[in-house]
Amino acid sequence: MRNLKLETIVSELEQNGRFSLEKQYYQHGSTSVYSHSVQVAFFSLYLSRKLKLRVNERALIRGALLHDYFLYDWHDRDHGHSLHGFTHPGTALKNAKKDYDLDPIEENIIHRHMFPLTPVPPVCWEAWIVCLADKYCALKETFLPLWKRISVVMS
Ligand SMILES: [Fe+2]
Ligand SMILES: [Fe+2]
């Protein structure tokens, strides 16, 4: 998966904040938060171009890359992360605002990406796309490895 625009923004975020830290944390299965975020950004861009939507691509990519910028291991229930699903968009937004200058589209992408689990919906196309792309990638990351294992056992 290659895209010059995406790669440029990834290295900007790596140089100017803590984006590389996401490599240390797992998201779904063996996928790191970093890799998940890059995949969500890639798929969001693909989707917006495929649907010919007029979006701010830079904000779309930055918001998608930072949507899970919570920077902790959410599997660690002993450290108060049992409500992670509900609280992490707020934590990600707080961390991202500390490290980067965000525009309102980027803020909305990060803050509303867990809709409908968190009940307030996104208000712009960019945030709707990331909300959708995130669910697609999460399902793929969770169930594809399981499906591969089942296929091996059944063959
Ligand atoms: Fe998330
Ligand atoms: Fe996510």
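The values are calculated or read from the model by the stated rules, or taken from the named source; none is laboratory data. Since the structure is predicted, the reported quantities are computational estimates derived from the model, not experimental observations. Neighbour counts run over all protein chains shown; Cβ positions are idealised from the backbone, glycine included.
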(request) All but one of (1) among the hydrophobic types (A, V, I, L, M, F, W, C); (2) away from ligand 2 (no atom under 16 Å from the Cβ); (3) closer than 17 Å to I110 by Cβ hold for L53, so report the exception by its number. (result) (3)
(message) Could you list, ordered by first residue, the pairs with Cβ atoms under 6 Å in which the first is in segment 123-148 and of a type in the set (S, T, N, Q) and the second is surrounded by 16 or more Cβ atoms within 10 Å (Cβ to Cβ), at least 6 apart or interchain?
(response) T142/H28
(request) Quick one: in segment 106-128, of everything that is assigned to a loop (DSSP other than H, G, I, E, B) and under 17 Å from A92 (Cβ atoms), which residue is farthest from ligand 1 (Cβ to nearest atom)? (result) V120
(message) With the structure loaded, tell me whether L71 is farther than 15 Å from A133 by Cα, out of contact with any Cys (no Cβ under 6 Å at 6 or more places or on another chain) and assigned to a helix (DSSP H, G or I) or whether it fails that test.
(response) no
(request) Quick one: which residue in R54, R49, R62 is in a helix (DSSP H, G or I), more than 12 Å from ligand 1 (Cβ to nearest atom) and surrounded by fewer than 20 Cβ atoms within 10 Å (Cβ to Cβ)? (result) R49
(request) Answer yes or no: is there a residue in segment 121-139 that is more than 19 Å from F43 (Cβ to Cβ), modelled with pLDDT of 95 or more and not acidic (D, E). (result) yes
(message) List the residue pairs whose Cβ atoms are under 7 Å apart, where the first residue sits in segment 71-86 and is of a type in the set (D, E), the second is within 16 Å of ligand 1 (Cβ to nearest atom) and modelled with pLDDT of 80 or more, and the two are 6 or more positions apart or on different chains.
(response) D73/Y25
(request) Considering only segment 63-83, state which residues are on the phi > 0 side of the Ramachandran plot and of a type in the set (G, A, S). (result) G80
(message) As an exercise: evaluate C131 against (1) assigned to a helix (DSSP H, G or I); (2) within 22 Å of K23 (Cβ to Cβ); (3) not acidic (D, E) and give the number of the one condition it does not meet.
(response) (2)
(message) Please pick out the residue among D68, D103 that is closer than 22 Å to S48 by Cβ, within 13 Å of ligand 1 (Cβ to nearest atom) and of a type in the set (D, E).
(response) D68
(message) Step by step: first the residues of segment 94-127, then only those that are touching an Asp or Glu at 6+ places or on another chain (Cβ under 9 Å) and acidic (D, E), then the one that is surrounded by the fewest Cβ atoms within 10 Å (Cβ to Cβ). Which residue is that?
(response) E126
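Within 23 Å of E22 (Cα to Cα), within 16 Å of ligand 1 (Cβ to nearest atom) and surrounded by fewer than 14 Cβ atoms within 10 Å (Cβ to Cβ): does that describe G90?
Values: within 23 Å of E22 (Cα to Cα): yes; within 16 Å of ligand 1 (Cβ to nearest atom): yes; surrounded by fewer than 14 Cβ atoms within 10 Å (Cβ to Cβ): no.
Answer is no for this residue.
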